[in-house]
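> Below are the structure tokens for one structure; questions will follow.
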Amino acid sequence: MDKIVIENFSLEYSDGTESLREINLRIPANQLTVLFGPAGGGKSTLLRSINRLNDLADVKVTQGKILLDGVNVLDKKLDTNNLRRKVGMVFARPVVLPFSIRRNLTYGFELAGIRDAALIEESVERSLGQAALWEEVKDRLDDPATALSGGQQQRLCLARSLIQQPDVILLDEPTSGLDPISTLKVENSLQELKKDYTIVLVPHSVQQAARIADLAAFFLQGELIEVGIGAELFTKPTKSRTQRYIEGRYG
Amino acid sequence: MKLSSKQRMLVQNLAFAAMSLIASLTVIFIVLIVVYIVSMGAGAISFEFIFSMPYDGMRSGGILPAIIGTFYLTLGTAALAVPLGLGAAIFLSEYAPDNQMTRIIRIAITNLSGIPSVVYGLFGLGLFVLFLQLGTSILAASMTLAIMTLPVIISTAEEALRTVPQSFRVVSISLGGTRWQTIRKIVLPEAMPGILTGVILGLERAAGETAPIMFTGAAFFLPQLPTSLTDATMALPYHLFVISTQVPGMPIQIQFGTALVLLVFVLGMNLIASIIRSRARAKRQW
Amino acid sequence: MDTHLIPGPKKRNAKAAFSQVVETLISAVIKAMGYSAVVFVIMIFYFLMSEGLAAVGEVPLNVLFSARWYPIEGYYGILPLISGSLLVTIGATLFAVPIGLATAIFVAEIAPRWMREIFKPVIEILAGLPSVVLGFIGIIALAPQLRQLFNLPTGLTALAGSILLGIIAIPTIVSIAEDALDGVPRSYRDAALAIGATKWQTIWRVTLPAARSGVLTAVMLGIGRAIGETMTVMMVTGNAPIVATGLGAIFMPTRTMTATIAAEMGEVANGSVHYHVLFLIGIILFLISLAVNIIASAMVFRVKKRAERILS
């Protein structure tokens, strides 16, 4: 079943340069889809269009739809705050808010006006567990989040995006600043998480893409070149441009 | 002109010596002014001087009404200028699109900050005292000082808001926060020390000003303390002006004592601002 | 979790609707506050004009632009006041610019860190000193010294005003010029040092020219600060409205536009000719400060444009 359907989607910067051109992509539920390709290809922009974070940026959608469970998220009347609760996001740099570990997690509830203490307590433990961080921080939830290491911070950000039980998680190069061990921990968490969530990830390398992708989409200069089942795409790409990129000839 | 390396070093040494001499003299001079006022004024300071009313044509007694008056005016200015200035700063930093209208606002703020203080006095007289018929009063003077202080508060508060990392805003929005929630829960608390510093520096200026209050609320001499916002009031800077130029036979010690109290008032605010700033820097997590 | 992404009008829950209203309301209030500065500038200009323009009709122009200011007998010549402001401001500029720039260069480029940490707050103290305190010092300490030094009938002269105004302008010049010097990219200096320039040559030939527009802005705003200053000049310049005709004027009492307003506004009847003329002087001061600020910010603006061109 397709969780997200992107139809004929185009987007440009306010100065008129095109960023994404006629993208068509079906993102299946409960799988890990990677969007990969050289920098500037429009992967992050596409990611940020799904939760409408591009509303903050200087971009304009020129055509197309992004359907989430059949609802066009680009609809002007859409409650974007609600959308963003349904679609969690993790960024390239771990951005912990200048709060305690606990408040970083519960901040989403705070915004939504949810005060159910039992639910919050339970969600904190669950989300930290899902991000493989519970054991490391359970005794110091009230410490400032900045006291954590970079890898821990990024897992905290993952937990934070999970705490309101979204349907979809978007990850924009979530491991780009992490050491190999932390990277592995995050990747393992994601393999567990896809049972419950639909995951869309922009990897920081082809290797990572090949390692974790169920479905892989190759982007080049604002165009979607090729989509394929992870393992197949990386061993037998059908398009020459995809092949050249995978073989490391550019980007 | 080719200089040998020795000559070039000589030029450098001379230039550096001149610069450091000028800079040091400037700083020493400032310290000397402060020391001079403190040493000359300290003798005048007593419980009576701070806490009693003046008498004998202000040549004896204390300066309580002037101290209280300046305190009221500073509070009044804060009450009016802080919410307005903060709101304007939030607008500029968080809401304003980058367009012609925003540029006009910025030009207006720059111009407000450049208008001579005495012109604010004229404006306050024309608008608040006469047109709105508030009379020479604490209210009229506070309003005048508030408008004068506004540009300082807006610019410093905006700067403080802008130093909060953009990524905090993006994360908050991505978690389903509205713009105002993001401002209230993250941006404002993080910018608060910087905002406070700016507010205090703005108020410090207001507390020391004379020209804007001369025709809007300051009184030469009042036998009692002001009891309402519509009363005129004595104020430290105006009082110092009065006793150093308008009252013949004024004991020099009272003049220095008044100058010292004003100095302590103003520099005390400066000190508080510095403490807030350095504490916040030490505590800041980003 | 129940999430209707696009709630219909009936489905929309009350809480979301309420927070939407709050959000809209707050945005509107903040926007209104944002425009307050524009409103105030317009109001100030309007009130000055409405009170001051009448003077042009009441006082013949040849009287207005004459050399005699003696309001009690109906002489409203503003030339001595303009010349007084100019004289004192020029004196202050000559005094403050070299000292201010030297201090800024020292603090930004030469001083070791610990010295900077001391100098900057001390200069900030000067910026915070009320002008009335400086005026008081001027009367008590500076004027008697000047009288003795130059053997004058009184020390309360344009010179005393110039010196004190210079002192007032110094912190403005220092802080803006220092910012400008600080803003010069590290790489400029490194490049100059790498080709064998001395530290001083780097400052003089590279850093200072690169910061030129900011330094000019500093000077402009310093001058603006001096022209608008009121209490200090009123207290120390001796308050004599005489047109300056030669260099000797610096040793004589004078009277600025600001001091005239401050000294006389308290005594005039509202709506009288004298009252209107004082507002007219206010208009002149307002326009001068407008011009100074526009020039200063135009310089900053141009620099930014050039930087953008280089980047793109």
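Every number in this text was worked out from the coordinates using simple rules, so none of it is lab data. All values derive from a computational prediction rather than experimental measurement. Here the Cβ positions follow ideal geometry from the backbone for every residue, glycine too, while neighbour counts run over all protein chains shown.
> When the helix-only estimate is applied to chain B (DSSP H runs of n ≥ 4, each -39,500 (n - 2.57), divided by the residue count), what is the mean residue ellipticity at 222 nm, nearest 500 deg cm²/dmol?
When only DSSP H runs of four or more count, the value is -23000 deg cm²/dmol.
> Evaluated at 10 °C with a viscosity of 1.306 mPa s, what Stokes-Einstein diffusion coefficient in µm²/s does segment B:69-235 have when Rh comes from the Kirkwood expression over alpha-carbon pairs?
Translational diffusion coefficient: 94 µm²/s.
> A follow-up question, please. What ranking of C:H276, A:H204, B:H239 emerges when the number of other C-beta atoms within 10 Å of each C-beta is taken as an exposure proxy, fewest first?
A:H204, C:H276, B:H239
> Just tell me how shielded B:178-190 is by partners: mean number of partner chain Cβ atoms within 10 Å of each residue's Cβ, no decimals.
Mean partner-chain Cβ count within 10 Å for B:178-190: 4.
> If you build a Gaussian network model of chain C, linking Cα atoms that sit under 10 Å apart, which residue out of C:R225, C:R255, C:R113 swings the most?
Among C:R225, C:R255, C:R113, the largest GNM mean-square fluctuation belongs to C:R113.
> Using a simple spin-label model with points 7 Å from Cα along the Cα→Cβ vector, what separation in nm is obtained for B:R162 and A:D58?
Spacing of the two 7 Å Cα→Cβ label points: 1.5 nm.
> Estimate the FRET efficiency between B:L32 and A:Q243 by the formula 1/(1 + (r/R0)^6), using the beta-carbon distance for r and 45 Å for R0, to the nearest 0.05.
Calculated value: 0.05.
> So, one more: So how strong a dipole does the protein assembly as shown carry about its Cα centre when Lys and Arg Cβ are +1 and Asp and Glu Cβ are -1, to the nearest 20 debye?
1800 debye
> Working from the alpha-carbon coordinates of the protein assembly as shown, get Rg over Rh, Rh being the Kirkwood radius.
Radius of gyration relative to Kirkwood radius: 1.06.
> For A:K185, list the aspartates and glutamates whose Cα falls under 16 Å from its own Cα; do not include residues on the same chain fewer than 8 positions away.
Filter leaves A:E135, A:E136, A:E173.
> Oh, and also: Among A:D142, A:D79, which comes first, then next, by fewest other beta-carbon atoms within 10 Å?
A:D142, A:D79
> Between C:Y75 and residues 5 or more places away or on another chain, which pairs have amide H atoms under 5 Å apart, with H built 1.01 Å from N, and which residues are they?
Correct list: C:Y70.
> How much net charge surrounds C:A158 when only other residues with a Cβ under 15 Å from its Cβ are counted (Lys, Arg +1; Asp, Glu -1)?
The answer is +1.
> May I ask you to sort A:R103, B:R279 by Cβ crowding, counting other Cβ atoms within 10 Å and putting the fewest first?
Going from sparsest to densest Cβ surroundings: B:R279, A:R103.
> Based on the Cβ-Cβ distance from C:I42 to A:K236, what FRET efficiency comes out when R0 is 60 Å, to the nearest 0.05?
Calculated value: 0.30.
> Using DSSP H assignments, which helices in chain B have an axial alpha-carbon span of 27 Å or above and a mean Kyte-Doolittle hydropathy of 0.5 or higher?
Within chain B the helices that satisfy the rule are B:5-41, B:64-90, B:138-163, B:188-208, B:252-283.
> Hey, another quick one. Calculate how large, on average over all directions, the projected area of the Cα convex hull of segment A:80-194 is; give the answer in nm² to one decimal.
With the hull built on Cα positions only, its mean projection is 6.6 nm².
> Arranged from highest to lowest average of other beta-carbon atoms within 10 Å per residue, in what order do the peptides A:153-160, B:195-202 appear?
Answer by packing, highest mean first, reads A:153-160, B:195-202.
> For B:F71 and B:R281, calculate 0.36 nm times their separation in residues minus their Cα-Cα distance, and state this gained length in nm to one decimal.
Gain in length upon complete extension: 72.7 nm.
> Percent of alpha carbon pairs in segment B:204-265 separated by more than 19 Å?
32 percent
> For n ≥ 4 DSSP H runs only, could you compute -39500 (n - 2.57) per run for chain A, divide by its residues and tell me the 222 nm figure to the nearest 500?
-10500 deg cm²/dmol
> Just from its helices, what would the mean residue ellipticity at 222 nm be for chain C, if runs of 4 or more DSSP H residues each count -39500 (n - 2.57) and the sum is divided by every residue, rounded to the nearest 500 deg cm²/dmol?
Helix contribution divided over all residues of chain C: -22000 deg cm²/dmol.
> Using the Kirkwood radius built from alpha carbon pairs, what does the Stokes-Einstein equation give as D for segment C:222-302 at 37 °C and 0.692 mPa s, in µm² per second?
Using the Kirkwood radius from Cα pairs, D works out to 230 µm²/s.
> For chain A, what log10 I(q)/I(0) values come out of the Debye formula at q = 0.15 1/Å, with one point per alpha carbon and no solvent?
Each listed q corresponds, in turn, to -1.07.
> Report, in listed order, any pair from A:K3/A:K43; A:K3/A:K76; A:K76/A:K239; A:K195/C:K15; A:K76/A:K194 with a Cα-Cα distance greater than 25 Å.
Those over the limit are A:K76/A:K239; A:K195/C:K15; A:K76/A:K194.
> Quick one: net charge around A:Q130, please, counting Lys, Arg +1 and Asp, Glu -1 for every other residue with C-beta under 13 Å from its C-beta.
Summing Lys/Arg as +1 and Asp/Glu as -1 gives +1.
> A further question on this structure: Based on the alpha carbons, how large is the Rg to Rh ratio for segment C:30-75 when Rh follows Kirkwood?
Here Rg/Rh amounts to 1.29.
> Suppose we take every Cα in segment C:53-311 and form the convex hull; what volume per residue is that in Å³?
158 Å³
> Shielding by partners for C:275-285, please: the mean number of other protein chain Cβ atoms within 10 Å of each residue's Cβ.
3
> Let me know the mean shielding of C:97-108 by other chains, meaning the per-residue number of their Cβ atoms within 10 Å of its Cβ.
Average per residue, whole number: 4.
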